[in-house]
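Report on the following structure.
The values are calculated or read from the model by the stated rules, or taken from the named source; none is laboratory data. A quick note: this is a predicted structure, and the numbers were derived from the prediction, not measured. Note that we place each Cβ from the backbone using ideal geometry, even for glycine, and neighbour counts take in every protein chain shown.
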Amino acid sequence: MGRAVEHPLVRGGLTFVAGILAGNALGYLRIALIAYLLGTSSLADSLAVAFGPVDSLNQVLISGMLFTFVPLLTERSGADRLRLFLRIRSLFTLAFGALSGALMVFAPRIVALLAPGLDEAGALAATHILQVSALSPLLAGVAAAHSALLYTERRFAPAAFHQAVLNLFTIAATALGWTRFGVYSIPLGYTAGAAANLATAWLATRRPSSGARPALEPAARELLLRPAPVLLYSTLLALNITVTRAYATELGSGTAAAFEYGMRCLAVPLALLVSPLSQSLLPELARLAGAGDAVGARRLVERALGLAGMAAVAGYAASVLFCEPLIRFLFERGHFTSQSTLLVATVFLGFAPSLIGWAMLEILARAFFATHRLWLPVGAAALAVAVNGGYILWMRDPRPAMLGVGASAGLLLGVLPLLARLRSQPASRGPAGSGQ
């Protein structure tokens, strides 16, 4: 037992399980508090369409930084690794700062795209929420750069407890600031949590500066473009949710909020399925690929995929059986009424099948990224968005129960090309071989 716990994959997985359990326990309290205060009101719609995409964007940036630069940093050691990290941090601080600035300046136009069904008052509230949240991508992205360095030393705790810290600060700010700031206390607390995460990661990586520059250092353009495939994949995956949420604003007041509550319910099993496996797989797959052990890399991916697939099917079955009573137990109090429970349950059941496709797609995509097959996952995510977009444009079914069908179908179909590619490789190559 002791020997198993000492294995890097097991130890990393246990760290992430602890972080995810803490994050989701606090995440439930955060969503329950929001549900109590807002229910499925029009103001809850404004919060969902402005705050939800920023949260998704931050996850995109974190995934992009980790899955791009952990393998690159792992290839180096000592002062050479530190110098590369400092260069990465400097470049992406500027890039993420520009992104946050753009969110603040163009918030009204962004809200018009994200929430075409909101009335004027709802759109104005969403714009202000987006502007208050806009600093968090800069903080989250720079913190992810620090976490990438920590990953190379198998120090996972700052990244594992990232969401727990965000939720804790959001809850505290909402509880303490609701009377004075109202709904804006939620993004204020979230941004403060992002700042706390950055401070923690910075302290964990603080060390003496390096001396002379290395003989060979990647150019700024190369470093800035390197995360492009991972960022594009993550953006397309998040776009599935953003497009669905935007369409929800056209289906009546409270539908976008109901979709957001349902998404948060789905995020718990998804995080438990994907994050411990994929995050602890990353450095191990990078190590195996660097050592040329393609057979070991493929076997590791197949074991993780099998485990995630079986757990996802079981999770979906449980969600179908217990969806409505669980939502009633978790949220039905304050402004969250029995009508809110029915609406959230209806929307959730249409989206629940995506748990299977999403979990398997994430495991496969991250495995391909870790072993330098960059564009296959992008194509799979694009297929998922195309299917969802096609469903929304051509079907336009006004029933909330059908809202998540396109996204669910798209994610399930997106798994197929990656799975086929993995299975088509000779056993001597696996996903670690050279290629796309």
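The set of residues in region 328-338 that are surrounded by 22 or more Cβ atoms within 10 Å (Cβ to Cβ) and within 25 Å of the chain's Cα centre (by Cα) contains only Phe331.
Scanning region 219-250 for residues that are crowded, with 20+ Cβ neighbours inside 10 Å, outside any helix (DSSP H, G or I) and not β-branched (Val, Ile, Thr) yields one hit, Pro227. Restricting attention to region 174-192, the residues that are surrounded by fewer than 15 Cβ atoms within 10 Å (Cβ to Cβ) and touching a helix residue (DSSP H, G or I) at 6+ places or on another chain (Cβ under 8 Å) add up to 2. Return yes or no: is Ala195 surrounded by fewer than 24 Cβ atoms within 10 Å (Cβ to Cβ), assigned to a helix (DSSP H, G or I), of a type in the set (A, V, I, L, M) and at pLDDT 90 or above? Yes: the conditions hold for Ala195. Among the residues making up region 399-416, a single one is at pLDDT 90 or above, touching a Leu at 6+ places or on another chain (Cβ under 8 Å) and surrounded by fewer than 23 Cβ atoms within 10 Å (Cβ to Cβ): Leu413.
Each row is one residue, and each column tells you yes or no for (1) at pLDDT below 90; (2) outside any helix (DSSP H, G or I); (3) crowded, with 19+ Cβ neighbours inside 10 Å.
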position	(1), (2), (3)
Ser340	no, no, yes
Ala345	no, no, yes
Gly389	no, no, no
Asp397	yes, yes, no
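Could you please let me know if Arg76 is without any contact (Cβ under 8 Å) to a residue 60 or more places away in the chain and not in a helix (DSSP H, G or I)? Yes: the conditions hold for Arg76. Picking from residues in region 24-52 that are aromatic (Phe, Trp, Tyr) and within 21 Å of Gly122 (Cβ to Cβ), the one that is farthest from the chain's Cα centre (by Cα) is Tyr36. Taking the conditions exactly as written (among the aromatic types (Phe, Trp, Tyr), assigned to a helix (DSSP H, G or I), closer than 20 Å to Gly39 by Cβ and modelled with pLDDT of 75 or more), does Phe329 satisfy them or not? Yes, satisfied.
Candidates Arg109, Arg81: the one that is basic (Lys, Arg), assigned to a helix (DSSP H, G or I) and crowded, with 16+ Cβ neighbours inside 10 Å is Arg81.
The rows are residues; the columns are (1) in contact (Cβ under 8 Å) with a residue 24 or more places away in the chain; (2) in contact with a His (Cβ under 6 Å, 6 or more places away or on another chain); (3) under 22 Å from Leu343 (Cα atoms).
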{"position": "Ala35", "(1), (2), (3)": "yes, no, yes"}
{"position": "Ser41", "(1), (2), (3)": "yes, no, yes"}
{"position": "Pro53", "(1), (2), (3)": "yes, no, yes"}
{"position": "Leu66", "(1), (2), (3)": "yes, no, no"}
{"position": "Arg83", "(1), (2), (3)": "yes, no, no"}
{"position": "Ala102", "(1), (2), (3)": "no, no, no"}
{"position": "Val111", "(1), (2), (3)": "yes, no, no"}
{"position": "Leu118", "(1), (2), (3)": "yes, no, yes"}
{"position": "Ala125", "(1), (2), (3)": "yes, no, no"}
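Filtering region 171-205 to residues that are free of Cβ contacts under 8 Å to residues at least 24 places away in the same chain and either among the hydroxyl-bearing types (Ser, Thr, Tyr) or under 22 Å from Ala32 (Cβ atoms) (or both) leaves Ala172, Ala173, Leu176, Gly177, Thr179, Arg180, Phe181, Gly182, Ser185, Gly189, Ala192. Counting only residues that are in a loop (DSSP other than H, G, I, E, B) and in contact (Cβ under 8 Å) with a residue 60 or more places away in the chain, which one in region 136-170 is surrounded by the fewest Cβ atoms within 10 Å (Cβ to Cβ)? Applying the filter and picking the extreme gives Arg154. Quick check on region 112-126: of everything there that is part of a helix (DSSP H, G or I) and not small (Gly, Ala, Ser), which residue is farthest from Pro137 (Cα to Cα)? Within region 112-126, the match that is farthest from Pro137 (Cα to Cα) is Glu120. Just checking, does region 307-315 include any residue being under 30 Å from Gly252 (Cα atoms), modelled with pLDDT under 80 and in a helix (DSSP H, G or I)? Within region 307-315, one or more residues are under 30 Å from Gly252 (Cα atoms), modelled with pLDDT under 80 and in a helix (DSSP H, G or I). If you go through region 58-85 and keep only what is within 15 Å of the chain's Cα centre (by Cα), over 16 Å from Ala367 (Cα atoms) and either small (Gly, Ala, Ser) or modelled with pLDDT under 80 (or both), you end up with nothing. Each residue in region 113-135 was checked for being crowded, with 22+ Cβ neighbours inside 10 Å and in contact with a Phe, Trp or Tyr (Cβ under 7 Å, 6 or more places away or on another chain), and 3 of them qualify.
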